[in-house]
Amino acid sequence: PGAWSDRRGAHSVVTCVRASHRGAWLATGTEDGLVSLWPVPGDACAPEASAAGPACLLRGHEVAVTALDVSEDLGLVASGGAGGLVLVHALRGGALVLAVGEARRPGPGTAVRCVCFADRDAHVVVAAASGVTVFAIDGTLLASRALAAPVAGMVLVPRAQALVCACGDGSLLALSLAGTPLLAQRREWPRAPAELTCVSVAEDAILVGTAAGEVLSYPALLAAGPGGAG
């Protein structure tokens, strides 16, 4: 396998990793708050893949990085930290584009659980213990929705213009990213018998992992209709 190391000499624990959707970029986040950006060669498993080190080191988090997303279409990388801070940097050059939230002392409920770009509208979506928020790239708060339980996993379904959120109370929800209001509930699937821990979307199903050690399959979310429903 290929080895991805920034070769700084002092190694920090890698806390999250994210590849861009087309696979040209890789972002890694560490326990000491550093985000590294790597251009991915044609063969990502080539031993020399990281020989030159990362293309860019992004700083700003004072605590562990807990969530990442990379958008080649927008040319941006988003990172969330254990203290609640969300940063958006330019993919090329690393200039800071947006800072949302505060760099608080890490504690229960402070960490950013998930972050993702909605490329179609150039929005940044953030999930934390308190719920889900949507920001414009200029930092404008567009929508916020409190949830009954912390979000354990979140995935964007572009064709449906929706978010699927897996929550700690076993609930699985779809929230709209189209129409008005943003984050309106599109769908709720039958509640799982155990806490949900992660979620992934396949072509014809939504897959979730549970604290009971199971993987459950739910029907896929349909593409959005003219009014954003589906």
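Does the stretch 197-205 contain any residue that is of a type outside the set (Val, Ile, Thr) and surrounded by 17 or more Cβ atoms within 10 Å (Cβ to Cβ)?
no
Taking the condition of a type outside the set (Gly, Ala, Ser), within 12 Å of the chain's Cα centre (by Cα) and surrounded by 15 or more Cβ atoms within 10 Å (Cβ to Cβ), does Val134 pass?
Here the answer is no, as Val134 does not meet what is asked.
Please verify whether the stretch 108-128 includes one or more residues that are part of a loop (DSSP other than H, G, I, E, B), out of contact with any Gly (no Cβ under 6 Å at 6 or more places or on another chain) and crowded, with 20+ Cβ neighbours inside 10 Å.
Yes.
Restricting attention to the stretch 13-24, which residues are in a strand (DSSP E or B), over 10 Å from Ala67 (Cα atoms) and either among the charged types (D, E, K, R) or more than 15 Å from the chain's Cα centre (by Cα) (or both)?
In the first step, residues of the stretch 13-24 are kept if they are in a strand (DSSP E or B); the result is 14-19.
Next, from what is left, pick out any that are over 10 Å from Ala67 (Cα atoms): 14, 19.
Passing the criteria: only Val14.
Which of the residues spanning the stretch 178-201 are more than 25 Å from Ala122 (Cβ to Cβ), in contact (Cβ under 8 Å) with a residue 40 or more places away in the chain and assigned to a strand (DSSP E or B)?
Once the filter is applied, which keeps residues that are more than 25 Å from Ala122 (Cβ to Cβ), in contact (Cβ under 8 Å) with a residue 40 or more places away in the chain and assigned to a strand (DSSP E or B), the stretch 178-201 yields Leu196, Thr197, Cys198.
Please verify whether the stretch 44-55 includes one or more residues that are at pLDDT 95 or above, surrounded by 15 or more Cβ atoms within 10 Å (Cβ to Cβ) and either over 30 Å from Ala148 (Cβ atoms) or not charged (D, E, K, R) (or both).
Among the residues of the stretch 44-55, not one is at pLDDT 95 or above, surrounded by 15 or more Cβ atoms within 10 Å (Cβ to Cβ) and either over 30 Å from Ala148 (Cβ atoms) or not charged (D, E, K, R) (or both), which makes the answer no.
Considering only residues of the stretch 86-101 that are at pLDDT below 95 and not aliphatic (A, V, I, L, M), which is most open to solvent (accessible area, probe 1.4 Å)?
Among those that are at pLDDT below 95 and not aliphatic (A, V, I, L, M), it is Arg92.
For Gly83, are the conditions met, namely being of a type in the set (Gly, Ala, Ser), within 12 Å of the chain's Cα centre (by Cα) and open to solvent by less than 10 Å² (accessible area, probe 1.4 Å)?
Details: of a type in the set (Gly, Ala, Ser): yes; within 12 Å of the chain's Cα centre (by Cα): no; open to solvent by less than 10 Å² (accessible area, probe 1.4 Å): yes.
For Gly83, the condition - of a type in the set (Gly, Ala, Ser), within 12 Å of the chain's Cα centre (by Cα) and open to solvent by less than 10 Å² (accessible area, probe 1.4 Å) - is not met.
Each row is one residue, and each column tells you yes or no for (1) farther than 21 Å from Thr66 by Cβ; (2) over 12 Å from the mean Cα position of the chain (by Cα).
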{"site": "Phe117", "(1), (2)": "no, no"}
{"site": "Thr140", "(1), (2)": "yes, yes"}
{"site": "Ala148", "(1), (2)": "yes, yes"}
{"site": "Val151", "(1), (2)": "no, no"}
{"site": "Cys167", "(1), (2)": "no, yes"}
{"site": "Gln185", "(1), (2)": "yes, yes"}
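Does the stretch 165-177 contain at least one residue that is assigned to a loop (DSSP other than H, G, I, E, B), in contact with a Lys or Arg (Cβ under 9 Å, 6 or more places away or on another chain) and open to solvent by 40 Å² or more (accessible area, probe 1.4 Å)? Reasoning before the result, please.
Applying the first criterion (assigned to a loop (DSSP other than H, G, I, E, B)) to the stretch 165-177 yields 168-171, 177.
Applying the additional criterion that residues be in contact with a Lys or Arg (Cβ under 9 Å, 6 or more places away or on another chain) yields 169-171, 177.
Then keep just the ones that are open to solvent by 40 Å² or more (accessible area, probe 1.4 Å); that gives 169.
Yes, the stretch 165-177 contains at least one residue that is assigned to a loop (DSSP other than H, G, I, E, B), in contact with a Lys or Arg (Cβ under 9 Å, 6 or more places away or on another chain) and open to solvent by 40 Å² or more (accessible area, probe 1.4 Å).
Kindly indicate whether Ala10 is out of contact with any Ser or Thr (no Cβ under 8 Å at 6 or more places or on another chain) and either modelled with pLDDT under 90 or more than 25 Å from Arg113 (Cβ to Cβ) (or both).
Considered against the rule, which asks whether it is out of contact with any Ser or Thr (no Cβ under 8 Å at 6 or more places or on another chain) and either modelled with pLDDT under 90 or more than 25 Å from Arg113 (Cβ to Cβ) (or both), Ala10 comes out as yes.
For (1) among the β-branched types (Val, Ile, Thr); (2) within 20 Å of His89 (Cβ to Cβ); (3) in contact with a Lys or Arg (Cβ under 8 Å, 6 or more places away or on another chain), each residue gets a yes or a no:
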| position | (1), (2), (3) |
| --- | --- |
| Ala122 | no, yes, no |
| Val125 | yes, yes, no |
| Thr140 | yes, yes, no |
| Ser144 | no, no, no |
| Ala152 | no, no, yes |
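The values are calculated or read from the model by the stated rules, or taken from the named source; none is laboratory data. Just so we're clear, the structure is a prediction, and the values are computed from it rather than from any experiment. FYI the Cβ positions are ideal-geometry reconstructions off the backbone, even for glycines, and counts take in every protein chain you see. Just the protein is used for accessible areas: all its heavy atoms, side chains included, with ligands, DNA and RNA removed. Shrake-Rupley method; radii C 1.70, N 1.55, O 1.52, S 1.80 Å.
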